[in-house]
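Novice: Below: one structure in structure tokens.
The values are calculated or read from the model by the stated rules, or taken from the named source; none is laboratory data. This is a predicted model, so every value here is computed, not measured. When we count neighbours, we look across all protein chains shown, and the Cβ atoms used for this are built from the backbone with ideal geometry, even at glycine. Heads up: the accessible areas ignore ligands, DNA and RNA and are worked out on the full protein's heavy atoms, side chains in. Shrake-Rupley method; radii C 1.70, N 1.55, O 1.52, S 1.80 Å.
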Amino acid sequence: MIKSVADEVWAFDCEWVPDIQAGRLLYGLPDDVPQSEVLRVMWEQGGATEENPMPFLKTLLCRVVSVATVIRRVQRNGETQLFLQALPENPDDSAQAQDEAYILRRFLLDGLAARNPQLVGFNSRNADLRILLQRAFTHGVDLKAMGERINAKPWESRDVDLMELVSGFGKNYAVSLNELARLSGIPGKMSVVGEDVCGLWYGGRVREIVNYNCYDALTTYLVWLRMAFVSGFFTPEKYRAEQRLVRRLVEERAQRPDGAFLLAYLDEWKSLKQRTGQDDGVFE
């Protein structure tokens, strides 16, 4: 169970893909070698098999292409506000989308270092935070926002890795975000899955990656919200009110020209609540 709920909570998720430049540098591949060949070599070196032609690569050999965050902020007057932020802010701007260092600085320095929120993720301690640290190091980005988060022991940190709270050792006890969410009446994976991100990136479809990343951030937040509820931090009435804040956030963002993709998330959420018998009035 979680130990605390801070006045500022960030539920975040990162997306990354194999870094072509890393492949060229580490495997001695000239600049004129096609990207597809560089990817093939990277996966081969990463242990590709016929059954698994695109294995998970070391995070250091990948580049961060998107970070999405749901921010819960309690104001001095007690009012709770929610925000949904995604990097890059303009996925259609190729210069911004291709600038990994910009994404890292915006999240680590303008975000974490400036606000010092309680971070919430799913497998964030061993995956998301690690790649952020490793890639920031390669770009020479200030890591002052990362030191205590990375070095703190799980029982000493106020940050929350939801996977660590619910998963156990062995495949029968491992839990994915998708599984945990869907069985709890929360949207999990929808039209895009993690394995699609590389193809989308090298196909120039950055906005689809950012949209998918926003789905995962919303799901991570809703799973955290449920964990906070079952841990005793919210009454049933408060939990319902907090969910309604999420619904309102998504509805408002969906009215923007670039936010229509969020309507599918709302529809899936409402449907799953009904199918799991957890239609608690959030959508009334």
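Novice: What's the total number of residues in segment 96-109 that are open to solvent by 50 Å² or more (accessible area, probe 1.4 Å) and either at pLDDT below 95 or closer than 16 Å to VAL17 by Cβ (or both)?
Specialist: Looking only at segment 96-109, we keep the residues that are open to solvent by 50 Å² or more (accessible area, probe 1.4 Å), and these are 98-99, 102, 105-106.
Restricting the remaining residues to those that are either at pLDDT below 95 or closer than 16 Å to VAL17 by Cβ (or both) gives 98-99.
Result for segment 96-109: 2.
Novice: If you don't mind, another one. If you scan segment 107-155, which residues turn out to be within 24 Å of THR219 (Cβ to Cβ), charged (D, E, K, R) and more than 15 Å from the chain's Cα centre (by Cα)?
Specialist: If the condition is that a residue be within 24 Å of THR219 (Cβ to Cβ), charged (D, E, K, R) and more than 15 Å from the chain's Cα centre (by Cα), then ARG115, ARG135, ARG149 are the ones that fit.
Novice: Restricting attention to segment 147-175, report how many residues are part of a loop (DSSP other than H, G, I, E, B), over 11 Å from ILE2 (Cα atoms) and of a type in the set (A, V, I, L, M, F, W, C).
Specialist: The qualifying residues number 4.
Novice: Right, another one. So, in segment 11-68, exactly how many residues are in a loop (DSSP other than H, G, I, E, B) and surrounded by fewer than 19 Cβ atoms within 10 Å (Cβ to Cβ)?
Specialist: Within segment 11-68, the first condition is being in a loop (DSSP other than H, G, I, E, B), and the residues that meet it are 19, 28-34, 46-58.
Filter again for surrounded by fewer than 19 Cβ atoms within 10 Å (Cβ to Cβ), leaving 28-34, 46-56, 58.
So the answer is 19.
Novice: Something else now. So which residues in segment 156-174 are open to solvent by less than 60 Å² (accessible area, probe 1.4 Å) and more than 16 Å from the chain's Cα centre (by Cα), if there are any at all? First the steps, then the outcome.
Specialist: Just the residues of segment 156-174 that are open to solvent by less than 60 Å² (accessible area, probe 1.4 Å), to begin with: 157, 159-163, 166-168, 170, 174.
Within segment 156-174, SER157, VAL166, SER167, GLY168, GLY170, ALA174 meet the criteria.
Novice: Taking helices (runs of 4 or more DSSP H) that do not extend beyond segment 177-246, which have at least 2 residues that are surrounded by fewer than 18 Cβ atoms within 10 Å (Cβ to Cβ)?
Specialist: Working: elements: 177-182, 197-202, 206-230.
Output list reads 197-202, 206-230.
Novice: Which one is most open to solvent (accessible area, probe 1.4 Å), of the residues in segment 137-146 that are assigned to a loop (DSSP other than H, G, I, E, B) and on the phi < 0 side of the Ramachandran plot?
Specialist: Step one: filter segment 137-146 for residues assigned to a loop (DSSP other than H, G, I, E, B), giving 140-146.
Remaining after also requiring on the phi < 0 side of the Ramachandran plot: 141-146.
On the way: VAL141: 14, ASP142: 73, LEU143: 52, LYS144: 149, ALA145: 14, MET146: 2 Å².
Per the stated criteria, the residue is LYS144.
Novice: Quick one: VAL230 ticks every box in (1) more than 29 Å from ASP159 (Cα to Cα); (2) modelled with pLDDT of 95 or more except a single one, so which number is it?
Specialist: If we test VAL230 against (1) more than 29 Å from ASP159 (Cα to Cα); (2) modelled with pLDDT of 95 or more, just (1) comes out false.
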